[in-house]
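Down below is the structure, laid out as structure tokens.
The values are calculated or read from the model by the stated rules, or taken from the named source; none is laboratory data. Please read these numbers as outputs of a predicted model, since none were measured by experiment. Cβ sites come from the backbone with ideal geometry, for glycine too, and all protein chains shown count toward neighbours.
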Amino acid sequence: MELISTSGAPAAIGPYSQAIQLGNLLFTSGQIPLGLDGQVVEGGIREQAHQVFANLKAVLAAAGANFDDVVKSTVFIKDMNQFAELNEVYASYFGDHKPARSTVEVARLPKDVFVEIEVIAAIPVEKN
């Protein structure tokens, strides 16, 4: 088991790792829309979702992976009425690649953000 950490994404705000790699599987912690300065990005669900994906991209890259390697994502959203907007942003990062996904509306997220996303990626052997 290897801890994955990058300065390209905000540091963990609790007692956890940005990601854990076990063999060729990468498990990211949930990413919220924090900038590198640790502040919540301003704006609505779209702006926050773009920041979440920027953070995920950095964590994936630290393990030699990218969005094409993602096999499962879990999305936590504060308001399911924003689902369509979130989906537009989500699709812009995955394109034709469609990993398995769960989306859950929750009462509250850390720092009162609108969205949190975690992913599981299968890192190809040649990237290990």
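Numerical summary
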read-out: Of the criteria (1) without any contact (Cβ under 8 Å) to a residue 60 or more places away in the chain; (2) in contact with an Asp or Glu (Cβ under 7 Å, 6 or more places away or on another chain), which one Thr28 fails; value: (1)
read-out: Residue in region 85-97 that is more than 14 Å from Ala9 (Cβ to Cβ), in contact (Cβ under 8 Å) with a residue 24 or more places away in the chain and in contact with an Asp or Glu (Cβ under 8 Å, 6 or more places away or on another chain) present; value: yes
read-out: Meets criteria (modelled with pLDDT of 95 or more, within 17 Å of Ile4 (Cα to Cα) and of a type in the set (Phe, Trp, Tyr)) for Phe67; value: yes
read-out: Residue that is nearest to the chain's Cα centre (by Cα), among those in region 34-84 that are polar (S, T, N, Q) and either buried (at least 19 other Cβ atoms within 10 Å of the Cβ) or at positive phi (or both); value: Asn55
read-out: Scope region 64-98; condition aromatic (Phe, Trp, Tyr) and not in a helix (DSSP H, G or I); matching residues; value: Phe76
read-out: Region 90-124, subset under 17 Å from Ile4 (Cβ atoms) and among the hydrophobic types (A, V, I, L, M, F, W, C), residue surrounded by the most Cβ atoms within 10 Å (Cβ to Cβ); value: Ala121
read-out: Residue list for region 99-114, restricted to those being free of Cβ contacts under 8 Å to residues at least 60 places away in the same chain and in a loop (DSSP other than H, G, I, E, B); value: Pro99, Val106, Ala107, Arg108
read-out: Some residue of region 25-46 being polar (S, T, N, Q), closer than 12 Å to Val119 by Cβ and touching a Phe, Trp or Tyr at 6+ places or on another chain (Cβ under 6 Å); value: yes
